[in-house]
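One structure is given here, and the rest of the page talks about it.
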Amino acid sequence: MERYRFTIADGDSFEHVGEAVYANSLAAEAHAIQIAEELSEDHTWHSGWISVHDSRGNEFARVSIGIERTLTKSEAARRNSQQAIENLAEAPAHRTRRPPGCDD
């Protein structure tokens, strides 16, 4: 378990959100994503981001806030994995289809 620190910033100002203990950095990043989604409903921090720092002060995640926020690397990887799984699930259905005019 490690302690992580969350900070909201927009380039001009920043606000310390808090600290929490998580099992790993992915869990801390997931919490930052949740905070960013909630803040997206309020236009105060649009164009801002949430920085996540580990206990040594290293920033390992920066999550954009806003309607058109960019995905973090972890989010993009998870989304790509989910799409690949969905494509695999659909593959058997495609294989069982026969071309038109095939009467075997």
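The values are calculated or read from the model by the stated rules, or taken from the named source; none is laboratory data. Given the structure is predicted, the values throughout are model-derived calculations rather than measurements. Don't worry about glycine lacking a Cβ; one is built from the backbone with ideal geometry, like all the others, and counts go over all protein chains shown.
Among the residues in the range 54-65, are any hydroxyl-bearing (Ser, Thr, Tyr) and in contact with a Leu (Cβ under 9 Å, 6 or more places away or on another chain)? Yes, the range 54-65 has at least one match. Could you grab me the full set of residues in the range 27-46 that are of a type outside the set (D, E, K, R) and surrounded by fewer than 12 Cβ atoms within 10 Å (Cβ to Cβ)? HIS43, THR44 - these are the residues of the range 27-46 that are of a type outside the set (D, E, K, R) and surrounded by fewer than 12 Cβ atoms within 10 Å (Cβ to Cβ). Listed by first and then second residue, the pairs linking a residue in the range 27-42 that is closer than 11 Å to ARG62 by Cα to a residue that is of a type outside the set (A, V, I, L, M, F, W, C) and in a helix (DSSP H, G or I), with Cβ atoms under 8 Å apart and 6 or more places separating them unless they lie on different chains, are GLU29/SER74; ILE33/GLU75. Taking the criterion of being in a helix (DSSP H, G or I) and modelled with pLDDT of 90 or more, would at least one residue in the range 32-49 satisfy it? Yes, because at least one residue in the range 32-49 is in a helix (DSSP H, G or I) and modelled with pLDDT of 90 or more. When ALA61 is tested against (1) outside any strand (DSSP E or B); (2) modelled with pLDDT of 85 or more, only condition (1) is not met.
Condition check ((1) of a type outside the set (Gly, Ala, Ser); (2) farther than 25 Å from MET1 by Cβ) across all residues:
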site	(1), (2)
ALA27	no, no
GLU41	yes, yes
THR44	yes, yes
GLY48	no, yes
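Among what's in the range 4-31 and is outside any helix (DSSP H, G or I) and among the charged types (D, E, K, R), pick the residue that is modelled with the highest pLDDT. Only one residue fits best here, namely ARG5.
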